[in-house]
Amino acid sequence: MKKILIDIGLIALAGLDIWFNPLTGKPLGIAVAVLGCAALALRRRFPLLVVVLTLPAALVQGALVAPFAALYALAVRSRDRRLLIACVAVSAVIGAIPSPLDEDPGDLAGTLIYFGYTLATSAFPVVLGQLVQTRQELRQRLVEIEDAKEHERVLHAQAILASERAQLAREMHDVVSHQVSLIAVQAGALQVAAGDDRTREAARVIRSLSVGTLDELRTMVTLLRASGDDTTELAPQPTLADLRTLVANSGISVTLSGDLALSVGTPSQRAIYRTVQEALTNVRKHAPGASATVELWQDGNDVGVTVTNTAPSRPSLPLPGARQGLVGLQERAEILHGSFESGPVEGGGFQVRMKLPILADQVG
């Protein structure tokens, strides 16, 4: 509606311009003037055509408003500088030469002087239109830049969230699942060895609750890992000095060998500790009665740990697993540019081995 009102007002203004300053009252002149004014309604869709249709009105009736409005509309929508210059030149020539319907041809000097005037006035709407177009493009560019910045902020926030979810998933498995698994194993052992029904029932309930908790943890860890990526660690973080306590509290027979004072940084110590923790947890869960050896070693510019357990001496209790432990260890090794291997060994046992370059201590 607003555009329609603007069109009506502009056409009326162009008509008044010709009405008060007509060069001729002949029917041809009036028809040309009406065509030029009416064509302004199409200036948004066909700006070049409207410029052409308004030029006869400028030639025959000396119209100013109609050709100026047409030139402005063309300049706002076109970046073709040669076309705009040509339109300005043609409009200036049309405005300067005498009307063919006028019986007085005028003089050459007056025509040239008037040409300079019309050239300047014809250039004004084109320059103004180009400035408006540039302003619109700058405004659009600023909007695009803001949208791009907002998109980058969203992606950055999502990346941080994904990283935190991965960290949380790893720590839930390494710490919480480790402790709950130990509770379930100890409760199962108590259930088998208890001498009275009340104790066995209490052990059964504890084991049942532990198993349910492990199931819930498995689901939560899977969901968190679905959108996470391992990049950093949560504090507090264990070191090699904590391995003796880990082995002592493991509940199985473990032989620890190697130098606990290896000259490695915190990221590598963290990864080695988690490897031993995961391996011993798996021994308790899947190889009851088995013994294990934990060997810390250094080979040139590489350090690592190897955990090997013997075959189980009795059947294991059915406990759910998060199925993310070995995956997490593989990811830790890759982050530190190392390698991780796991698999069965001769005699029915199982072995995990993590190897890390000493330069990896600079990562994390």
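Every number here is computed from the coordinates shown, using simple stated rules; none is lab data. Keep in mind that this is a model prediction, so the values were computed, not measured. All Cβ positions, even for glycine, are placed from backbone atoms using ideal geometry, and neighbour counts span all protein chains on display.
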Query raised in the report: Against the longest principal axis of the chain, how steep is helix 266-286, in degrees 0 to 90 to the nearest 10, with axes from Cα atoms?
Result: 60 degrees
**Report entry** 0 to 90° range, to nearest 10: angle between helix 108-171 axis and the chain longest Cα axis
**Finding:** 10 degrees
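Rounded to the nearest 0.05, what FRET efficiency do Asp215 and Leu190 have when you use their Cβ-Cβ distance and R0 = 22 Å?
After rounding, the FRET efficiency stands at 0.60.
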Query raised in the report: For the peptides 135-142, 72-79, what is the packing order when you average, over each peptide's residues, the other Cβ atoms within 10 Å and list the highest mean first?
Result: 72-79, 135-142
Query - Two-decimal Rg to Rh for region 125-204 - Kirkwood Rh, Cα set - result: 1.71
Report task. Would you mind checking the tilt of helix 197-226 against the longest principal axis of the Cα atoms of the chain, expressed as 0 to 90 degrees and rounded to 10? Result -> 30 degrees
Query raised in the report: Relative contact order for the chain: what is it in percent, counting Cα pairs under 8 Å that are at least 6 residues apart?
Result: 11 percent
Requested in this report: Write down Rg/Rh for the chain, rounded to two decimals, with Rg from the C-alpha atoms and Rh from the Kirkwood relation over Cα pairs.
Outcome: 1.54
Query raised in the report: Using the beta-carbon distance between Leu5 and Leu168 and R0 = 56 Å, what value does 1/(1 + (r/R0)^6) give for FRET efficiency, to the nearest 0.05?
Result: 0.40
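Label region 2-106 by shape, choosing from rounded, prolate and oblate, from the square roots a ≥ b ≥ c of the eigenvalues of the Cα gyration tensor; if a/c is under 1.5 it is rounded, and otherwise prolate applies when a/b is larger than b/c, oblate when it is not.
The shape class here is oblate.
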Report task. For Ala311 and His286, compute 0.36 nm times the residue count separating them, minus their Cα-Cα distance, and round to one decimal in nm. Result -> 8.0 nm
Query raised in the report: Using a basic spin-label model with each label point 7 Å from the Cα along Cα→Cβ, how many nm lie between Ser263 and Arg198?
Result: 6.1 nm
Requested in this report: Convert each backbone phi in region 71-87 into a coupling constant with the Karplus relation 6.51 cos²θ - 1.76 cosθ + 1.60 (shift: θ = phi - 60°), then list the ³J(HN,Hα) values in order as whole Hz, x for Gly and Pro.
Outcome: 5, 5, 4, 5, 5, 5, 10, 10, 10, 7, 5, 5, 5, 5, 5, 5, 5
Report summary line: A correct Karplus calculation of ³J(HN,Hα) over region 291-302, with 6.51 cos²θ - 1.76 cosθ + 1.60, θ = phi - 60°, whole Hz and x for Gly and Pro, returns 9, 9, 10, 10, 10, 8, 8, 9, 10, x, 8, 10
Requested in this report: Please give the FRET efficiency for Arg45 paired with Ala159, using the beta carbon to beta carbon distance and R0 = 41 Å, rounded to the nearest 0.05.
Outcome: 0.35
Query - Full-extension gain in nm, Asn21 to Val176, via 0.36 nm per residue minus C-alpha separation - result: 46.6 nm
Report summary line: Taking the chain and counting helices only, DSSP H stretches of n ≥ 4 at -39,500 (n - 2.57) each over all residues, the nearest-500 ellipticity at 222 nm comes to -21000 deg cm²/dmol
Query raised in the report: Percent relative contact order of region 157-362, based on C-alpha pairs within less than 8 angstrom and at least six residues apart?
Result: 21 percent
Requested in this report: For region 157-362, state the semi-axes of the equivalent ellipsoid (square roots of 5 times the eigenvalues of the alpha-carbon gyration tensor), sorted largest first and rounded to whole angstrom.
Outcome: 29, 22, 14
Requested in this report: Using only alpha carbon pairs under 8 Å that are at least six residues apart, calculate the relative contact order of region 2-106 and give it in whole percent.
Outcome: 27 percent
Query raised in the report: By how many nm would the segment from Ala120 to Val345 grow when fully extended, if each residue of separation counts as 0.36 nm and the alpha-carbon distance is taken off?
Result: 71.7 nm
